[in-house]
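Asks: Next up is a structure, given as structure tokens.
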Amino acid sequence: MTGAGGKHDHRSHRWISVALAGGTVSGLVALASLVGTPAASASQATVGLGSATSFAVLAGTTVTNTGPSVVSGDLGLSPGSAVTGFPPGTVGNGTIHAADAVAVQAQSDLTTGYLDAAGRTPVTTVSADLGGQTLVAGVYKATSGLGLTGTVTLDAKSDANSVFIFQAGSTLITASNSTVQLTGGAQACNVFWQVGSSATLGTGSSFSGSILALTSATVQTGTTVSGRVLARNGQVSLDNNTITVPTCTRAAATSSTSSTTTVAAGTAQSGATPTTAVTGVIPRGAPATGAGGTAPAGHGELLVTLGGLALLGAAAATAVALTVRRRQVVHLPGGRDA
Amino acid sequence: MTAPAVLRSVPVALGIPALGVAVPLSSLGLNSDGTVEVPTDYQEPGWFRLGPTPGQIGSSVILGHVDSYQGPAVFFKLGTLRPGDRVDVLLADGVVVHFAVDGVATYLKSQFPADQVYGSNGSSALELVTCGGQFDQRSGHYLSNIVVATSLVGSTSPAKVPPTPR
């Protein structure tokens, strides 16, 4: 039951003596900018996307494009590696990551973000079609498909940290010429669409927010996305689109329980930070985190290595160094076996 | 828990002063059979990346080997930790998250409380997991897991003002 995984980040070596010696943290240089925005005291925290934050387009199997689409942000896929249509499509302010380590990690982080968004509560049940509605910050759930005909308005009510999370049990389908309208200071970076199967954005539409689709995502002709098109297992199809990773402005606190955005050296972070619990995947079974090299041999067994050296009793650390990975129990004439 | 939760950021290093442990962290996912991946490096623990990062509300889990085939590994002395001992985690954004040990428990693997270890009880917890108990020579596995439960006590931000995220 030993795993073959375990990603090692070589950047982390240089941090250790600086960060942990004597408990001081001066001299540290931030590796990456903070992800997400701190929530106002009563609303949902943003959905953290980890390294998927920089991706405008992310797929599992393939990325297929038609026409001069303009992607601003990273474009990637994993485990597939086929990207077609670039050129005539272009990727600016970003890099194409085809089945590389960055894409692998981005998919992993997308998974975490997807599970986070899917698990948020409390939810407000919405009708299958959002057209004509004005919604404030919150979590909106459709048990099966979610659709949009016409315009849905997302109103942040002057709180730029307002987060809007949509949970679609199956598909997300927007009609041609539909619009996701942001008002009251709402930001596309704070709008998330968790899609249980696949998302299809109709032609000539204006869409805002990050699509987190479990299967595939199709953006039809001429549609503009201020946000991200992230598909976990399937493909992303584009057609004469503009996809732009949203910038996010962290709003200054307005209530007494909210946090400030700058922190002084050596002081503890204060104020409101994401208050929603995160539970990810729960593995089955129990971890196999030991190989017995310090365990005493029991019940008079003899352990014989391939090198013919017998180890008895006490910790292997006191024995001659082993060159084999597995010990074998051998039946010796007249000896006891397990 | 009395300290506020911190923002999500991938952990990159772990410090346990009482054990003299200061090591980088890898990240772990799932094996194809649904069990948790374990580190490939006996001296480097791994953070379970399909869960919260240390400091988020929920239970963040770091797993490390107690020993290799040849001798002690990074979490060899984990079971000797006591309530109040400090555990520090450095995050990728430069924040150091501080935890204090609440308790050390040994569970038979056949009764491993996965929901309790990986699930959230509404507070910010960090669980350190390794193997322990009796070693079964025949199967080549320990019969138990040692779980050190810790809870968030505070965090320290880097000296520099963080850049505005995009």
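The values are calculated or read from the model by the stated rules, or taken from the named source; none is laboratory data. Every value quoted in this text rests on a predicted model; they were computed, and no experiment measured them. We place every Cβ from the backbone using ideal geometry, glycine too, and count neighbours over all the protein chains shown. Quick note on the areas: whole protein, heavy atoms, side chains included, nothing else; ligands and nucleic acids left out. Shrake-Rupley method; radii C 1.70, N 1.55, O 1.52, S 1.80 Å.
Asks: Please figure out what share of the DSSP beta bridges in the stretch B:11-156 is antiparallel and state it in percent, rounded to the nearest 5. Mind showing how you got there, number by number?
Replies: Details: 39 of 49 bridges.
The answer is about 80 percent antiparallel.
Asks: Further, regarding this structure: Excluding residues fewer than 8 places away in the same chain, name every one of the aspartates and glutamates whose C-alpha is closer than 20 Å to that of B:Lys109.
Replies: Excluding near neighbours in sequence, the set is B:Asp33, B:Glu37, B:Asp67, B:Glu127, B:Asp136.
Asks: Please give the average number of partner chain Cβ atoms lying within 10 Å of the Cβ of each residue in B:138-145, rounded to a whole number.
Replies: On the way: counts 4, 2, 8, 8, 8, 1, 2, 5.
Mean partner shielding for this stretch: 5.
Asks: If you count, for each residue, the other Cβ atoms within 10 Å and average over each peptide, how do B:86-92, B:97-103, A:102-108 line up from highest to lowest?
Replies: On the way: B:86-92: 24.6, B:97-103: 19.4, A:102-108: 21.3.
Sorting B:86-92, B:97-103, A:102-108 by mean packing, highest first, produces B:86-92, A:102-108, B:97-103.
Asks: Can you give me the orientation-averaged projected area of the convex hull built on the Cα atoms of chain B, in nm²?
Replies: The directionally averaged projection comes out at 10.5 nm².
Asks: Taking all pairs of different Cα atoms in the stretch A:74-144, averaging 1/r and flipping that mean, what Kirkwood radius in angstroms comes out?
Replies: On the way: mean 1/r = 0.0657 Å⁻¹.
Every distinct Cα pair counted, the radius reaches 15.2 Å.
Asks: If you put +1 on each Lys and Arg Cβ and -1 on each Asp and Glu Cβ, how big is the dipole of the stretch A:50-244 around its Cα centre, in Debye rounded to 20?
Replies: Details: 5 positive and 8 negative charges, 37 e Å.
Result for the stretch A:50-244 is approximately 180 debye, rounded to the nearest 20.
Asks: Long-range amide H contacts for A:Gly138: which residues qualify at under 5 Å (H placed 1.01 Å from N, peptide plane, sequence gap of 5 or more or a different chain)?
Replies: Placed amide hydrogens put A:Val163, A:Phe164, A:Ile165 under 5 Å from A:Gly138.
Asks: Per-residue ellipticity at 222 nm for chain B, helices alone: DSSP H runs ≥ 4 residues times -39500 (n - 2.57), over residue total, nearest 500 deg cm²/dmol?
Replies: Details: 1 runs with 5 residues, N = 166.
Counting only the DSSP helices, I get -500 deg cm²/dmol.
Asks: If you place +1 on the Cβ of every Lys and Arg, -1 on the Cβ of every Asp and Glu, and leave all else neutral, what size is the dipole of chain B about its Cα centre, to the nearest 20 Debye?
Replies: Working: 9 positive and 12 negative charges, 62 e Å.
That gives a dipole near 300 debye.
Asks: Below 8 Å between Cα atoms, with a sequence gap of 6+, how large is the relative contact order for chain B in percent?
Replies: Worked out over chain B, it gives 24 percent.
Asks: Out of the stretch A:71-166, which chymotrypsin sites (Phe, Trp or Tyr not before Pro) are coil in DSSP terms and have no more than 13 other C-beta atoms within 10 Å?
Replies: Numbers: sites: A:Tyr114, A:Tyr140, A:Phe164, A:Phe166; in loops: none.
Loop-located and lightly packed - none at all.
Asks: Oh, and also: Which ³J(HN,Hα) values, rounded to whole Hz and listed in residue order, are derived for the stretch A:105-116 from phi using the Karplus coefficients 6.51, -1.76 and 1.60 in 6.51 cos²θ - 1.76 cosθ + 1.60 with θ = phi - 60°, glycine and proline given as x?
Replies: Couplings: 5, 4, 5, 5, 6, 4, 4, 4, x, 4, 5, 4 Hz.
Asks: Given a 1.4 Å probe and the protein chains all in place, what does the accessible area of B:Arg8 round to, in Å² to the nearest 10?
Replies: Using a 1.4 Å probe on the heavy atoms, I get roughly 30 Å².
Asks: What do you reckon, how do B:Ser32, A:Ser162 stack up by accessible area (1.4 Å probe), largest on top?
Replies: B:Ser32, A:Ser162
Asks: Can you sort B:Lys109, B:Lys77 by 1.4 Å-probe accessible area, starting with the largest?
Replies: On the way: B:Lys109 40, B:Lys77 115 Å².
The residues order as B:Lys77, B:Lys109, largest area first.
Asks: How high is the FRET efficiency between B:Ala100 and A:Ala101 when r is their beta carbon distance and R₀ equals 35 Å, given to the nearest 0.05? Please list the in-between numbers first.
Replies: Values: r = 35 Å, r/R0 = 0.99.
For R0 = 35 Å, the calculated efficiency reads 0.50.
Asks: Name the residues whose placed amide hydrogens come within less than 5 Å of the amide hydrogen of A:Ile96, ignoring near sequence neighbours (fewer than 5 apart) on the same chain.
Replies: Those lying under 5 Å, H to H, from A:Ile96 are A:Leu75.
Asks: Provide a whole-number value for the mean count of partner chain Cβ atoms within 10 Å of the Cβ atoms in peptide B:112-120. Before the final figure, lay out the partial values.
Replies: Numbers: counts 5, 1, 6, 2, 1, 4, 5, 4, 6.
Taking all residues of B:112-120 together, the mean is 4.
Asks: Cross-link candidates for A:Lys141: which aspartates and glutamates have Cα within less than 13 Å, leaving aside residues fewer than 8 places away along the same chain?
Replies: By straight Cα distance, A:Lys141 reaches A:Asp129.
Asks: For the stretch B:3-48, what relative contact order do you get, as a whole percent, if you take Cα pairs closer than 8 Å and at least 6 residues apart? Can you show the working numbers first?
Replies: On the way: 52 pairs, mean separation 13.9, N = 46.
About 30 percent, as a whole number.
Asks: Could you give me the ³J(HN,Hα) list for the stretch B:85-93, computed from phi with Karplus coefficients 6.51, -1.76, 1.60 and θ = phi - 60°, whole Hz, x at Gly and Pro?
Replies: 4, 9, 10, 10, 10, 8, 9, 4, 7
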